[in-house]
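Report on one structure; see the data block that follows.
The values are calculated or read from the model by the stated rules, or taken from the named source; none is laboratory data. Every value quoted in this text rests on a predicted model; they were computed, and no experiment measured them. Cβ placement follows ideal geometry from the backbone for every residue including glycine, while neighbour counts extend to all protein chains displayed.
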Amino acid sequence: GTTKSSVTSAPAPAPASSSAAKADPNAPIKQGLKLAFLPKAINNPYETIVDNAGIEAAKEYQGEAKEVGPSDASASSQISYINTLTQQGHDAILIAANDANAVCGPLQQARAKGIKIVAYDSDAAPECRDLFINQASSEEVGRSQVKLLAGMIGNKGDIAILSATANATNQNTWIKFMKDELAKPEYKDMKLVKVAYGDDDDQKSFTQTQGLMQAYPNLKGIISPTTVGISAAARYISGSKYKGKVVLTGLGTPNQMRQFVKDKTVTKFALWNPKDLGYLASYAAAALVSGQITGAEGETFKAGKLGERTIGKQGEVILGPPFTFDASNIDGFDY
Amino acid sequence: MTTATAPPEQATSARSARGLVDLVFRARELSLVIALVALVGVTASVNGNFLSGQGIEDILLNTAILALLAVGQSLVVITRNLDLSVGSVVGLVAFVTGDLLASGWGIVPGMLLGVAIGAACGLLNGLLVSFCRVPALVVTLGTLYVIQGVDHYIAHGRQINAVNLPPGLLSLGNGAVLGVPYLPLITLVIMVAIGYYLRSYPSGREFYAIGSSPEAARLAGVPVRRRILVAYLVSGCLAGLAGVLWLARFGTVIADSAHGWELLVVSAVVVGGVAITGGVGSVYGAALGALLLTTIGSALVVLRVNPFWQQAITGALLLLAISVDRVLALRLARLLRNRSRHG
Amino acid sequence: MSVTPTLALANVSKSFGAVRALREVSLDLFAGEAHALAGENGAGKSTLVKTLAGVHRPDTGQVLLNGEPVVFAGPADAQQAGVAVIYQEPTLFPDLSVAENIFMGRQPRRSLGRIDRKAMRAQTRELFERLGVALDPEQPSRGLSIADQQLVEIAKALSRDARVLIMDEPTAALSGNEVARLFSVVEALREHGCAILFISHRLDEIFSLCQRVTTLRDGAWIASEPVSGLTHDDLVRRMVGRELGALYPKEEAPLGEVALQVERLTREGVFTDVSFQVRRGEIVALAGLVGAGRSEVARAVFGVDRWDAGSVSVDGRRLPAGSPTAAMGAGLALVPEDRRQQGLVMELSIERNIGLTGLGSLRRGVTISRKAERDRAKDWAVRLRLKFARLSDGVGVLSGGNQQKVVLAKWLATKPSVLIVDEPTRGIDVGTKAEVHRLLSELAGQGIAVLMISSDLPEVLGMADRVLVMHEGRLTAEISRADATEESVMNAATGRAA
Amino acid sequence: MAKVLRWDVLVGALLIAVFAAGSLTSPSFATVDNLSFALGDLGEIALIALAMTMLVVAAEVDLSVASVLGLSSALVGSLWDGGMAIETIIPIAVLTGAVCGLVNGLLVTRLGLPSLAVTIGTLALYRGLAYVVLGDRAIAQFPPDYTALALNDVPGTPIPYPIALFVLLAAIVGVVLHATGFGRALYAIGAQEQAAFFAGIRVKRVKLLLFVISGTVAGFAGVLFTLRYGSARADNGVGIELAVIAAVLLGGVDFDGGKGTLGGVIAGVLLIGLLRNLLMLGDVSTEIQSIVTGLLLIVSVLTPRLVSLVRPALKGSP
Ligand SMILES: Nc1ncnc2c1ncn2[C@@H]1O[C@H](COP(=O)(O)OP(=O)(O)OP(=O)(O)O)[C@@H](O)[C@H]1O
Ligand SMILES: Nc1ncnc2c1ncn2[C@@H]1O[C@H](COP(=O)(O)OP(=O)(O)OP(=O)(O)O)[C@@H](O)[C@H]1O
Ligand SMILES: [Mg+2]
Ligand SMILES: [Mg+2]
């Protein structure tokens, strides 16, 4: 019969467009480009910041961009949107994939119609998109999070991870690298006791944190690499007896975390600038459509105020290292 | 012609019958309490923290809102109706109230408005179901979508942050009197009030009459439509209040607070022994159901159950709860039948 | 009369779609008078009752209360005006206790308007004493027999101590001594100046209880007159509009071999050691007081209830316990006592209901043949003189008696070899009653074995070749047609040695 | 008698209206591509709605369908990942669905529990099992010729295979429901269970069968879903039970049982699907879409009521 091995042994279908055309670095950005941002879900504040920045950026080069998307972060609902966008005929679709593989088929159909695909925030399978704008190298995020926490608990004690949904691609990649980092000798006294899932649901993350505290009485630290998770966790800890006993860090937006940094529930946490992410994605798409780049490794393009950017391996463009917030600098940011 | 007054043995059998009837009805609450005690017992024996002050406080806090919704829902279900829109009402109220409070509204007017919004939603459902006589399920599924849509439309990806909320509200969500947090207290008071009304007041009994047989209720001169309207109104108000408390409790909210809770609330009600076909059950049962569900949730985490198993186990326990309750009820009913017969 | 009637109808008409249920009907109910309402099934009696009760609004004409025109917006208004009604079909709250059923909306109160349950229980007992009912006030009304339900309804109406008491076939499910009980209570009420409207298809009850009688035919008023001047046949003629044959046309049929054999059948707490047999061509009556367990026996034999011990065999073949399908296969048919719950699917049409018992035989290939379904329905509708507009109408809108006919049709259509009928003529008018009886003996004549449960003693005596009597779940007597008399049967039924 | 406006007729009319509006307002709506997209998107919901219709007519409901879909999808994923042949996996997944249905059915018929309660429980249970099976993994790279079957159109037509299958099944269910003894039995059971039982209908057996069918269809839908999206995850199809229920209700099936037609349900499914597609093409935001869907449900039940309230006033006596 047809088994996995018999299929994967067959050569994988070659990416449709990339490296087919020749890149022309100094081609002008086309006027009146039509871009569409397709976030994981439209009512996720973080995604909204990113997309709005992208839409703003489009104005800079006289393009028009819009944000459409499902109200639930599921692959299937995202797909009907891809199909519709394809029907409407856009120049590029920018997507934060809920499921790297599920969106693949429709994206291929879109590319077949000459639409450029730029993944951001959460990648789609590489053969289905032209570019992936990565907020920060997944490896760096993973490892730096561990470093951050280790520094605060003196490389010692039980720690837990509060993730988003069990299937979130970016979360799982980060967690992979965290585990890898923890394997190093200097962390031999740190023990990862649990990976909990808050499903990016504020209330579930909140109660999951409660559970962790009770289940692991001598928990020293929590990493929550998701904006929803970290703020929920911070809120529970700040109101509970565990405040000051358990160290919390992760990825969060300054606005969410400000109060908890002020009340000393959280000392340090990290994030890239989501506005820059949207901005960069927007320019990358424009460059792609205008033929400045094709998505091949080594090509470069001008990303407005962010300056020149280079495409890494597998068509990945990295925004930059995550920025670490603390009491001293947090008031300088508003997002 | 013989005088057919009850012969003594019949009278006695009748009396024992009554004892049994009460038992049958109590049994529902009873079996819940037993299950609850067992669950807590096991969990605590494995991990002492579960019964620590913090642990209990957490469970009470988590239960409060669900229980509040369950109380409102059971009122509707008892009249042989259903309100699927409660989840989205909570979401709408939590966000709108948060938005207004953040923009400088006073706490009291803000909360009142929240409850008012809930009431409006309930009124809408009630009017459609009772006066236009359209199936409750369709209507409330419809309003679920509509209210959710409105909520997301208003929120549009924004977020309410605790910093911008009046501290007074937040302390309501997390503060306590004599160690007992406010939220469970509020729920308790409301539950007892409604429960007592339903049991001890003629108009309260009419809710059961309607659920038991709408046609008979009409013939008995029960103001069917008005009662059903009230049921939805109350359910709406409580959902509104729940929304406000949600805000007070969690501080930061986005559009989808309590998203998908409609089924959770219904299962709490059902586990609580309120018959989905109406006419049977109590708000106490419903609240206990809510408590049980929440406790299961917390217990599984505390017992360090693999997260991938938690949902499966929750489902299994839920089924176990209703099955056991059912079997118990059947046993007692049969016992009752045999006794209540010829001596 | 010079006195103004307590409650009256003046030229009231009421139609449902094409059906004109009432045409220009007038009726006066006077204080201290028991007024009978007679008419065939579908004549409009219940509609009239519902109009007086504020359930229906008259299309034309008026309802008069003490001579003043009133408009009852709903049942509540009528109750306010002191009108108490026992509807033809019991309207109880199955989940609530008997006591609560009786006092719903009028519970005795204690401080702060709260319900006084003690008082409620006590008053319920006191009511049951008066009616001689042995029911527990706290028992939920679900699972009560039709008869018990009817008794609760009566208690409910009496508890209102109303100025007008309207009873739509209250005795249909009751047997001799409950009826006697009821009448003595009603008498007392009447003497206290209560106006009474009484409906029954048992004419002797009308003669024994009422002073005046109004007859309806096809919704039209025929006559209102004192009962005293009337003979049985006069009344029948007014109702039916034609001469009527014998009410109990029982002709002897040659007895064949045993068709139904029941041995030591026992169901814990319901009936014990019930053994009997019914031969082909024989009509056996199962008599007894309400709650004796007759219906339960019938249900067990047919397989809707399981039995704990004993056996049932049809034509020598044993039936598996608890399988109606198997019973039907063996040629059994049961016309159940509760037509609303067990006999009919109210939402479905007449033809669908009649077809329900023949889903197998109506099949052509994989699908049901609508024509066959319709023919089957038409055939039996005609044979039973069913009163209907279209066969595709829901049975819900049929009059009580006509619904009962549909149930009979549904089962006779299965061409059973053993027919069990539980209260076959409950709520059926004299005309139809005669037809049903003719039908039964006709069927017996064709060699069908008939087991007839009935609380109508004359019917039992008139139709049965043998009478089996049950008391408190046991078979207490078997009486041949020859020795069967009111006394012998009642004695056995009330547990005194026959 | 005045003929009352039938609910399913109304929905059918609405469907036509939407289609007309679509072809007029949006150039890309009435295109072959778009319609086959729109229909394809309905695949699982439409299939499950068929089984659900029969259940609801018999006054029962199965809320666990979406979870059964998820479980089956998870199974397909882990078995495929484990190197089993897809030809063996598919039957296994479908069979699992059947077993899930059987469990629902047994709990309902043997213990006499309300199906709403039972299937809310199994909704959690089956979804949980899906996570137990697949955890946080997402399996991809399914055989192209099979994914093609789930995704592509029947050669020479704009009709995707799933929809072709749906049409076939719909025809069968239509006949069963409206022209066979089994169908008659369903309506009887839904309207007055006791009477159906007294008429010799094997009520429990019938209900059990219905739940098994519903489970089987959901199981198959899981396979379809997995292949169509080329991705197996434990959270596949979360929450589509409400979409199915909405379609069935919109189709005019009465939740108290005993009423409703399959035609209505099909119209309901298509109406929801096409309307959503049309709104998307018009760049109508998700919020508004959800509002419209809600209003649609309400209007569809309200209109016939209002009409029947107004009718008597208008018509004189015959
Ligand atoms: N709700 C209704 N809708 C349509 N037709 C109705 C309705 N109620 C009664 N009818 C019709 O009105 C006529 C009178 O019915 P009604 O119940 O008053 O007869 P009845 O005298 O009580 O008969 P029975 O002695 O069998 O009870 C019947 O033809 C019946 O079909
Ligand atoms: N001692 C009793 N106390 C309370 N209810 C009883 C008693 N005996 C019988 N019943 C009721 O009567 C029913 C069984 O009596 P059943 O109706 O079978 O007898 P029956 O002689 O057929 O009476 P009916 O003439 O009403 O059919 C049961 O449903 C039960 O509710
Ligand atoms: Mg009548
Ligand atoms: Mg009986």
Notebook entry, point to check: Does D:Val244 satisfy the criteria of being within 11 Å of chain B (Cβ to nearest Cβ) and crowded, with 18+ Cβ neighbours inside 10 Å?
Noted result: no
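Among the residues of the range C:275-286, are any farther than 24 Å from C:Ile448 by Cα and either outside the structural domain of C:Leu174 (by TED's automatic domain parsing) or within 12 Å of ligand 4 (Cβ to nearest atom) (or both)?
Step one: list which residues in the range C:275-286 are farther than 24 Å from C:Ile448 by Cα, which gives none.
No, there is no match, as no residue in the range C:275-286 is farther than 24 Å from C:Ile448 by Cα and either outside the structural domain of C:Leu174 (by TED's automatic domain parsing) or within 12 Å of ligand 4 (Cβ to nearest atom) (or both).
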Check: Filter the range D:21-48 for residues that are touching a residue at least 24 places away in the same chain (Cβ under 8 Å) and not in a helix (DSSP H, G or I); which is nearest to the other protein chains (Cβ to nearest Cβ)?
Finding: D:Ser28
Item checked: When residues of the range C:88-109 are limited to those that are within 21 Å of C:Phe198 (Cβ to Cβ) and β-branched (Val, Ile, Thr), the one farthest from the other protein chains (Cβ to nearest Cβ) -> C:Ile102
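From the list A:Lys194, A:Lys220, pick out the single residue that is at the interface with chain B (Cβ under 9 Å from one of its Cβ atoms) and touching an Asp or Glu at 6+ places or on another chain (Cβ under 9 Å). I'd like the intermediate steps shown before the answer.
On the way: A:Lys220 fails: at the interface with chain B (Cβ under 9 Å from one of its Cβ atoms).
Result of the check over A:Lys194, A:Lys220: A:Lys194.
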Checklist line | Conditions (1) touching an Asp or Glu at 6+ places or on another chain (Cβ under 6 Å); (2) within 16 Å of ligand 4 (Cβ to nearest atom); (3) of a type outside the set (A, V, I, L, M): number failed by C:Glu459 | finding: (1)
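Where in the range D:151-226 are there helices (runs of 4 or more DSSP H), lying fully within it, with 1 or more residues that are within 14 Å of another protein chain (Cβ to nearest Cβ) and under 21 Å from the mean Cα position of the chain (by Cα)?
Details: elements: D:161-179, D:181-191, D:193-198.
The helices (runs of 4 or more DSSP H) meeting that bar are D:161-179, D:181-191.
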Margin query: Need the failing condition index for B:Tyr196 against (1) over 21 Å from C:Ser141 (Cβ atoms); (2) within 11 Å of another protein chain (Cβ to nearest Cβ); (3) surrounded by 20 or more Cβ atoms within 10 Å (Cβ to Cβ), just the number.
Written below: (3)
Checklist line | Subset of the range C:130-155 (residues that are in contact with a Lys or Arg (Cβ under 7 Å, 6 or more places away or on another chain) and either assigned to a helix (DSSP H, G or I) or under 23 Å from C:Ala53 (Cβ atoms) (or both)) | finding: C:Leu131
Check: Residue check, C:Arg474 against (1) at pLDDT below 90; (2) over 30 Å from C:Ala381 (Cβ atoms), all met but one. Which one?
Finding: (1)
Next item on the list: Tell me, please, whether a residue that is in contact with a helix residue (DSSP H, G or I) (Cβ under 6 Å, 6 or more places away or on another chain), among the β-branched types (Val, Ile, Thr) and within 9 Å of ligand 1 (Cβ to nearest atom) can be found in the range C:411-430.
Entry: yes
Next item on the list: Exactly one condition in (1) surrounded by fewer than 24 Cβ atoms within 10 Å (Cβ to Cβ); (2) over 30 Å from B:Ala329 (Cα atoms); (3) within 10 Å of another protein chain (Cβ to nearest Cβ) is not met by D:Leu113; state its number.
Entry: (2)
Check: Looking only at the range C:72-129, which residues are part of a loop (DSSP other than H, G, I, E, B), out of contact with any Lys or Arg (no Cβ under 7 Å at 6 or more places or on another chain) and among the small types (Gly, Ala, Ser)?
Finding: C:Ala73, C:Gly74, C:Ala81, C:Gly105
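Does at least one position in the range C:211-221 carry a residue that is of a type in the set (Asp, Glu), surrounded by fewer than 24 Cβ atoms within 10 Å (Cβ to Cβ) and away from ligand 3 (no atom under 16 Å from the Cβ)?
Going residue by residue through the range C:211-221, those that are of a type in the set (Asp, Glu) are C:218.
So of that shortlist, the ones also surrounded by fewer than 24 Cβ atoms within 10 Å (Cβ to Cβ) come out as C:218.
This time we only want the ones that are away from ligand 3 (no atom under 16 Å from the Cβ), so: none.
Within the range C:211-221, none of the residues are of a type in the set (Asp, Glu), surrounded by fewer than 24 Cβ atoms within 10 Å (Cβ to Cβ) and away from ligand 3 (no atom under 16 Å from the Cβ).
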Notebook entry, point to check: In the set C:Leu332, C:Leu356, C:Leu344, which member is within 16 Å of ligand 1 (Cβ to nearest atom), facing chain D (nearest Cβ under 10 Å), modelled with pLDDT of 90 or more and under 26 Å from the mean Cα position of the chain (by Cα)?
Noted result: C:Leu344
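It is to be established whether one or more residues within the range C:230-252 are within 16 Å of ligand 2 (Cβ to nearest atom) and closer than 19 Å to C:Lys45 by Cβ. First the steps, then the outcome.
Pass one, the range C:230-252, residues within 16 Å of ligand 2 (Cβ to nearest atom): none.
No, there is no match, as no residue in the range C:230-252 is within 16 Å of ligand 2 (Cβ to nearest atom) and closer than 19 Å to C:Lys45 by Cβ.
Restricting attention to the range C:180-200, which residues are of a type outside the set (Lys, Arg), within 16 Å of ligand 2 (Cβ to nearest atom) and buried (at least 19 other Cβ atoms within 10 Å of the Cβ)? Break it down into steps so the answer makes sense when it comes.
Within the range C:180-200, the subset of a type outside the set (Lys, Arg) is C:180, C:182-189, C:191-200.
If we keep only those that are within 16 Å of ligand 2 (Cβ to nearest atom) as well, we get C:180, C:182.
Within the range C:180-200, C:Leu182 is the sole residue that qualifies.
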Note to self: Quick check on the range D:122-137. Is at least one of its residues facing chain B (nearest Cβ under 9 Å), touching a Gly at 6+ places or on another chain (Cβ under 8 Å) and among the charged types (D, E, K, R)?
What the structure shows: yes
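For every residue, the table says whether it meets (1) more than 16 Å from ligand 2 (Cβ to nearest atom); (2) at pLDDT 95 or above; (3) surrounded by fewer than 19 Cβ atoms within 10 Å (Cβ to Cβ).
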{"site": "C:Leu37", "(1), (2), (3)": "yes, yes, no"}
{"site": "C:Glu40", "(1), (2), (3)": "yes, no, no"}
{"site": "C:Leu48", "(1), (2), (3)": "yes, yes, no"}
{"site": "C:Leu52", "(1), (2), (3)": "yes, yes, no"}
{"site": "C:Gly67", "(1), (2), (3)": "yes, no, yes"}
{"site": "C:Gly74", "(1), (2), (3)": "yes, no, yes"}
{"site": "C:Tyr87", "(1), (2), (3)": "yes, no, no"}
{"site": "C:Ser97", "(1), (2), (3)": "no, no, no"}
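Quick one: which of A:Gly320, A:Gly295, A:Gly244, A:Gly250 is closer than 27 Å to A:Ser163 by Cα and surrounded by 22 or more Cβ atoms within 10 Å (Cβ to Cβ)? Break it down into steps so the answer makes sense when it comes.
On the way: A:Gly320 fails: surrounded by 22 or more Cβ atoms within 10 Å (Cβ to Cβ); A:Gly295 fails: closer than 27 Å to A:Ser163 by Cα; A:Gly244 fails: surrounded by 22 or more Cβ atoms within 10 Å (Cβ to Cβ).
Selected residue: A:Gly250, the only one of A:Gly320, A:Gly295, A:Gly244, A:Gly250 that is closer than 27 Å to A:Ser163 by Cα and surrounded by 22 or more Cβ atoms within 10 Å (Cβ to Cβ).
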Check: Can you name the number of the only condition in (1) more than 24 Å from C:Gly291 (Cα to Cα); (2) out of contact with any helix residue (DSSP H, G or I) (no Cβ under 8 Å at 6 or more places or on another chain); (3) not assigned by TED's automatic domain parsing to the domain that holds C:His35 that C:Gly229 fails?
Finding: (3)
Checklist line | Single residue of the range C:48-64 satisfying the filter (β-branched (Val, Ile, Thr) and over 18 Å from B:Gly221 (Cα atoms)) that is nearest to ligand 3 (Cβ to nearest atom) | finding: C:Val63
Next item on the list: State whether the residues of the range C:370-378 include one that is at pLDDT 90 or above and closer than 30 Å to C:Val278 by Cβ.
Entry: yes
Next item on the list: Answer yes or no: is there a residue in the range C:432-442 that is among the acidic types (Asp, Glu) and without any contact (Cβ under 8 Å) to a residue 24 or more places away in the chain.
Entry: yes
Next item on the list: For residues that are surrounded by 24 or more Cβ atoms within 10 Å (Cβ to Cβ) and not polar (S, T, N, Q), scanning just the range A:253-273, find the one that is farthest from A:Ser138 (Cα to Cα).
Entry: A:Phe260
Checklist line | Residue list for the range C:331-375, filter: in a loop (DSSP other than H, G, I, E, B), crowded, with 17+ Cβ neighbours inside 10 Å and free of Cβ contacts under 8 Å to residues at least 24 places away in the same chain | finding: C:Leu359, C:Leu362
Checklist line | Whichever residue in the range C:156-179 is away from ligand 2 (no atom under 14 Å from the Cβ), among the small types (Gly, Ala, Ser) and part of a helix (DSSP H, G or I) and, among such residues, is farthest from C:Asp429 (Cα to Cα) | finding: C:Ser159
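Select from the range C:20-35 the residues that are among the small types (Gly, Ala, Ser) and either within 14 Å of ligand 3 (Cβ to nearest atom) or buried (at least 24 other Cβ atoms within 10 Å of the Cβ) (or both) and list them in ascending order.
Step one: of the range C:20-35, the residues among the small types (Gly, Ala, Ser) are C:21, C:26, C:31-32, C:34.
Hits for the range C:20-35 are C:Ala21, C:Ala34.
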